[in-house]
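Enquirer: Can you keep this structure in mind? I'll have questions shortly.
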Protein chains: 2
Amino acid sequence: MENAMAELIAPTERTRLKRLPDRGAFERETVNAILDEGLVCHMGFVHDEQPFVIPTTYARIDDGLYVHGSAASRTLRTLRGELPVCITVTLLDGLVLARSAFHHSMNYRSVVLLGAAAEVTEPDEKLRALEAVVEHMAPGRWAEVRPPTVQEMKGTMVLRLPIAEASAKIRRGGPIDDAEDMTWPCWAGHVPVRLTALAPVPASTVLPGFPAPAGVNPYVEDYA
Amino acid sequence: MENAMAELIAPTERTRLKRLPDRGAFERETVNAILDEGLVCHMGFVHDEQPFVIPTTYARIDDGLYVHGSAASRTLRTLRGELPVCITVTLLDGLVLARSAFHHSMNYRSVVLLGAAAEVTEPDEKLRALEAVVEHMAPGRWAEVRPPTVQEMKGTMVLRLPIAEASAKIRRGGPIDDAEDMTWPCWAGHVPVRLTALAPVPASTVLPGFPAPAGVNPYVEDYA
């Protein structure tokens, strides 16, 4: 970039927030940070006029979001036809307890991506996408594990959705109560929540001399 | 029920798993438990042939899932026309680190609900739904807070989706590696993850003498 301004993803009629527009964010950096912290996305697509929303793992490389699955998957086989898709990633950050029932809320950061997903057939990009998915779960893991075989690559389909039509939505902080509720006799505030990893559980067959990874996706609080 | 058999939600062509069918579950008790633990659902709907997936809070009462929002919300105003909708709740339970890149996976419990959402206009049911949403976040909270005014009720739309066409999907446990990978020189196992609440953050204006709630949704590990 030629200047210090944040790169923006151009809002469209479909991604501009109609309500509470101050919760919207279109900086690519903000969108990318949310996508990199999340571990599961919810992928929406339409089949016979019925919307379906399916949770799946994913990874981001540059301006592309990659999902993968079995080459036999009905969902992926449908989507590779470049049908319209929506991929949403939501990070829950807290519960907001206001004095009034009405103003209860949640703190969160979410990204909604719209577009069409295309199948990745170029072998190098396909392998890099699968590497990114494993590294997204546990950084450093790809170098340790048995790489995919030709047969496994054949049995896996990878789709790429460009991060082009996208918006983030963020709510932070405590409750916003009405002035007349400030003396209502109850506690008010917010309870932050976060994903925490518990102690790793080794497979019963694990070989001696190989310790568990020191950490997983940085969004997940490291186990003590 | 007249006997001890679990009540099943009848699978349909749309909810029966085509792949890995042993991960599917149709017991109503299983579906309800996942819905009651989750805090955020992802709601999918179609507008101008484009699917949208929007995160939102919700609550279950009996065989109904309730979502709410501003009466001015485009999304809710669209959906109350009983359009097809899909609501998905996903609980991430762990990261599964196999010896092969290919067998990496996640542990999770998810529910996919299909159907059409109808607006709740009956005042008692509408109020009970909003109570359930607040109680879902923090049990006991409803009794403490300022109840909704007539104006707030008017400004809020509540939709109900019957829990009729639904399926759960569950993956648990460690990696399932190929026999020939068992001696691959790396750690293998799974890392459980869970949502944890941090210390509550009181609003700066909170009145003295009102302690923070002892806990929130039971799925969230209590803060120490």
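Enquirer: Can you find, within segment B:73-103, the residue that is surrounded by the most Cβ atoms within 10 Å (Cβ to Cβ) among those that are more than 8 Å from chain A (Cβ to nearest Cβ) and basic (Lys, Arg)?
Expert: Top of the filtered list is B:Arg80.
Enquirer: Which condition from (1) assigned to a helix (DSSP H, G or I); (2) more than 7 Å from chain B (Cβ to nearest Cβ); (3) farther than 24 Å from A:Ser167 by Cβ; (4) touching a residue at least 40 places away in the same chain (Cβ under 8 Å) is the one that A:Pro139 breaks?
Expert: Among (1) assigned to a helix (DSSP H, G or I); (2) more than 7 Å from chain B (Cβ to nearest Cβ); (3) farther than 24 Å from A:Ser167 by Cβ; (4) touching a residue at least 40 places away in the same chain (Cβ under 8 Å), A:Pro139 violates only (1).
Enquirer: Please go through (1) surrounded by 15 or more Cβ atoms within 10 Å (Cβ to Cβ); (2) within 19 Å of A:Trp187 (Cβ to Cβ); (3) facing chain A (nearest Cβ under 9 Å) for B:His190 and return the number of the only condition it doesn't satisfy.
Expert: Only one criterion in (1) surrounded by 15 or more Cβ atoms within 10 Å (Cβ to Cβ); (2) within 19 Å of A:Trp187 (Cβ to Cβ); (3) facing chain A (nearest Cβ under 9 Å) is unmet by B:His190, namely (2).
Enquirer: Can you confirm whether A:Pro148 is in a loop (DSSP other than H, G, I, E, B), modelled with pLDDT of 95 or more and on the phi < 0 side of the Ramachandran plot?
Expert: Considered against the rule, which asks whether it is in a loop (DSSP other than H, G, I, E, B), modelled with pLDDT of 95 or more and on the phi < 0 side of the Ramachandran plot, A:Pro148 comes out as yes.
Enquirer: Please work out which one of (1) facing chain A (nearest Cβ under 9 Å); (2) surrounded by fewer than 18 Cβ atoms within 10 Å (Cβ to Cβ) is the condition B:Thr121 fails and give its number.
Expert: Every condition holds for B:Thr121 apart from (1).
Enquirer: Is there a residue being touching a residue at least 12 places away in the same chain (Cβ under 8 Å) and assigned to a strand (DSSP E or B) anywhere in segment B:199-218? Working first, answer last.
Expert: Residues of segment B:199-218 touching a residue at least 12 places away in the same chain (Cβ under 8 Å): B:199-200, B:212-213, B:215-218.
Checking the rest, the ones that are also assigned to a strand (DSSP E or B) come to none.
Among the residues of segment B:199-218, not one is touching a residue at least 12 places away in the same chain (Cβ under 8 Å) and assigned to a strand (DSSP E or B), which makes the answer no.
Enquirer: Turning to a different aspect of this structure: In this structure, is A:Thr149 at the interface with chain B (Cβ under 9 Å from one of its Cβ atoms), in contact (Cβ under 8 Å) with a residue 40 or more places away in the chain, farther than 23 Å from A:Glu7 by Cβ and of a type in the set (Ser, Thr, Tyr)?
Expert: no
Enquirer: Can you find a residue in segment A:104-112 that is out of contact with any His (no Cβ under 6 Å at 6 or more places or on another chain), modelled with pLDDT under 95 and crowded, with 20+ Cβ neighbours inside 10 Å?
Expert: Within segment A:104-112 (the criterion being out of contact with any His (no Cβ under 6 Å at 6 or more places or on another chain), modelled with pLDDT under 95 and crowded, with 20+ Cβ neighbours inside 10 Å), the answer is no, since none of the residues qualifies.
Enquirer: Does segment B:177-192 hold any residues that are touching a strand residue (DSSP E or B) at 6+ places or on another chain (Cβ under 8 Å) and of a type in the set (Val, Ile, Thr), and which are they?
Expert: Within segment B:177-192, just B:Val191 meets the criteria.
Enquirer: Given (1) touching a residue at least 60 places away in the same chain (Cβ under 8 Å); (2) over 13 Å from the mean Cα position of the chain (by Cα); (3) not in a loop (DSSP other than H, G, I, E, B), where does B:Val133 come up short, assuming only one miss?
Expert: (2)
Enquirer: Another question about this same structure. How about segment B:47-65: which of its residues are facing chain A (nearest Cβ under 7 Å) and modelled with pLDDT under 95?
Expert: Those that are facing chain A (nearest Cβ under 7 Å) and modelled with pLDDT under 95: B:Glu49, B:Gln50.
Enquirer: Continuing with this model, one more query. Scan segment B:89-106 and give yes if some residue there is among the aliphatic types (A, V, I, L, M) and more than 30 Å from A:Gly140 (Cβ to Cβ), otherwise no.
Expert: The answer is yes; a qualifying residue exists.
Enquirer: Could you check segment B:39-114 for strands (runs of 3 or more DSSP E) lying wholly inside it with 1 or more residues that are among the aromatic types (Phe, Trp, Tyr)?
Expert: Correct list: B:41-47, B:50-56, B:64-70.
Enquirer: I would also like to ask the following. Which one is farthest from A:Leu91 (Cα to Cα), of the residues in segment B:40-51 that are crowded, with 20+ Cβ neighbours inside 10 Å and without any contact (Cβ under 8 Å) to a residue 40 or more places away in the chain? I'd like the intermediate steps shown before the answer.
Expert: Our first condition is that a residue be crowded, with 20+ Cβ neighbours inside 10 Å; within segment B:40-51, this holds for B:41-46, B:51.
Among the residues that remain, those that are also without any contact (Cβ under 8 Å) to a residue 40 or more places away in the chain are: B:46, B:51.
Numbers: B:Val46: 23, B:Pro51: 21 Å.
Among those residues, the one meeting the criterion is B:Val46.
Enquirer: Of the conditions (1) without any contact (Cβ under 8 Å) to a residue 40 or more places away in the chain; (2) touching a Lys or Arg at 6+ places or on another chain (Cβ under 6 Å); (3) over 21 Å from A:Asp177 (Cα atoms), B:Trp184 satisfies every one except a single condition; which number is it?
Expert: Among (1) without any contact (Cβ under 8 Å) to a residue 40 or more places away in the chain; (2) touching a Lys or Arg at 6+ places or on another chain (Cβ under 6 Å); (3) over 21 Å from A:Asp177 (Cα atoms), B:Trp184 violates only (1).
Enquirer: Considering segment A:151-173 alone, what residues qualify as being in a loop (DSSP other than H, G, I, E, B) and of a type in the set (A, V, I, L, M, F, W, C)?
Expert: Scanning segment A:151-173 gives A:Ile163, A:Ala164.
The values are calculated or read from the model by the stated rules, or taken from the named source; none is laboratory data. Note that this is a predicted model, so its numbers are computed, not measured. With ideal geometry, Cβ positions are generated from the backbone for all residues, glycine too; neighbour counts draw on all protein chains shown.
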